[in-house]
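Since the structure comes first, as structure tokens, the remarks are kept for the end.
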Amino acid sequence: MAQLQTVRGPIDTAQMGMTLIHEHVLFQFDDSRRKQSIEFAAQLLRDAKQAGIQTVVDLTPVRRIDWFADIAREVDVHIVACTGYYVDRLTPRLLADLSEEQMVERMVHELTVGIDTTPVRAGIIKVAGNRPELTPWEVQVFTAAARAQQRTGACIATHACAGAREQAAVLLRAGGDLNRVFFSHVEAEFGWEGRTVQEEARYLEEIARQGGSLLFNNFGFEFDTPWPDLVYLLHYLCDRGYAEKVLISVDCNWTWNEEGKPEFEAEREHPETRRRTFAYMLTEAVPALLKAGFTEKDIHTFLVENPRRFFEQAGGG
Ligand SMILES: [Zn+2]
């Protein structure tokens, strides 16, 4: 039986259940708001559990793991932490300036020994690129991730608003296994380099053909991905036989605003996005998908079977 590392320890992948595979349990770690932050995050997870979600994969590679441990103690949801890197400008200098070798060592340590000084192990590697071409620093990070994957068998999640194919190529060159990689935010139209939705569908199909999975999360983000386009891409991949490469999640993230209220991503410009909590997947996104012609079986494939199969492919080394 394959295992998955969670903040509370390893679980069998059969226990994952309905899984949100690209989320942020906490994004901001301000000591003066520790209690409030943990309480609000825990409440969002309790609501998620109530809606039917059993596992949440956090993709915040620079985080306070002791805060996550406190949250995990309070909720009946499996939380998976990650290792790795987000974009250069949001990475503390000390971590950003590591050599490729040191990056590999850090990731392997967090995956196999523990994060910071705790025994909590990461369950996945996160890396990020934002443009069609990766910068030299990003190439180093992706190369380090592929090498850490080779050593540990871990899965990789990428932030790929643009350049998913370039990312796949860099990972493959470094010995990565695309069957254990998913590319996130590929539906964000600002990253399509002028491709039409039909062209973008073929662009993504090529990644799926190579074994990579594709993560879609722009539910309710009409300004980045009009709903008909999101539906088109999902139907296209399923019709071409790649339903097992489709992953869906919310990418819920929020920070405290000046008034001391939790503010969700894009909420200021688009107040309707405030509803995009973890539970939103089941209260809003899934009903919309069912209306768009997907079946309950498709939803089960995207939210239960695919995340489980994805993590079951891990560990091969
Ligand atoms: Zn994210």
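The values are calculated or read from the model by the stated rules, or taken from the named source; none is laboratory data. Values in this document were obtained by computation on a predicted structure and should not be read as measured data. For neighbour counting, all protein chains shown are included, and Cβ atoms are generated from backbone atoms with ideal geometry for every residue, glycine included. Protein only, heavy atoms only, side chains kept; ligands, DNA and RNA dropped before computing areas. Shrake-Rupley method; radii C 1.70, N 1.55, O 1.52, S 1.80 Å.
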Study note, to complete from the structure: In the stretch 200-223, anything open to solvent by 10 Å² or more (accessible area, probe 1.4 Å), in a helix (DSSP H, G or I) and of a type in the set (D, E, K, R) is listed as Arg202, Glu205, Glu206, Arg209
Exercise for review: Filter the stretch 21-35 for residues that are within 16 Å of Gln54 (Cβ to Cβ) and touching a helix residue (DSSP H, G or I) at 6+ places or on another chain (Cβ under 6 Å) and give the result.
Suggested key: Ile21, Val25
**Study point:** the stretch 160-179 residues that are without any contact (Cβ under 8 Å) to a residue 12 or more places away in the chain, paired with ones that are surrounded by fewer than 20 Cβ atoms within 10 Å (Cβ to Cβ) and of a type in the set (S, T, N, Q) (beta carbon under 7 Å, 6 or more apart)
**Key:** none
Check your understanding: Which members of the stretch 56-74 meet the condition of being of a type outside the set (D, E, K, R) and within 16 Å of the ligand (Cβ to nearest atom)?
Key -> Val56, Val57, Leu59, Thr60, Pro61, Val62, Phe68
Point to revise | Residue pairs meeting the criteria (Cβ under 6 Å; at least 6 apart or on separate chains; first of a type in the set (D, E, K, R), in the stretch 250-266; second within 12 Å of the ligand (Cβ to nearest atom) and outside any strand (DSSP E or B)) | key: Asp251/Asn217; Glu265/Asn253
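Show me the strands (runs of 3 or more DSSP E) found entirely inside the stretch 226-303 where at least 3 residues are of a type in the set (A, V, I, L, M), open to solvent by less than 70 Å² (accessible area, probe 1.4 Å) and modelled with pLDDT of 95 or more. Spell out the reasoning first.
Numbers: elements: 246-248, 254-256, 262-264.
Of the strands (runs of 3 or more DSSP E) lying wholly inside the stretch 226-303, those with at least 3 residues that are of a type in the set (A, V, I, L, M), open to solvent by less than 70 Å² (accessible area, probe 1.4 Å) and modelled with pLDDT of 95 or more span 246-248.
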Review point. Restricting attention to the stretch 105-113, does a residue exist that is within 25 Å of Ala42 (Cα to Cα) and in contact (Cβ under 8 Å) with a residue 24 or more places away in the chain?
Key: yes
Review point. Which of the residues that make up the stretch 1-39 are open to solvent by less than 40 Å² (accessible area, probe 1.4 Å) and within 16 Å of the ligand (Cβ to nearest atom)?
Key: Thr19, Leu20, Ile21, His22, Glu23, His24, Val25, Leu26
Revision key, fill the gap. Those residues of the stretch 267-295 which are without any contact (Cβ under 8 Å) to a residue 40 or more places away in the chain, closer than 17 Å to Phe223 by Cβ and of a type in the set (Lys, Arg) amount to Arg268, Arg274
Exercise for review: Under 7 Å between Cβ atoms, at least 6 apart or on separate chains: pull out the pairs that start in the stretch 22-41 with a residue that is farther than 15 Å from Phe264 by Cα and end on any residue that is assigned to a loop (DSSP other than H, G, I, E, B) and open to solvent by 10 Å² or more (accessible area, probe 1.4 Å).
Suggested key: His22/Asp251; Phe29/Arg63; Phe29/Arg64
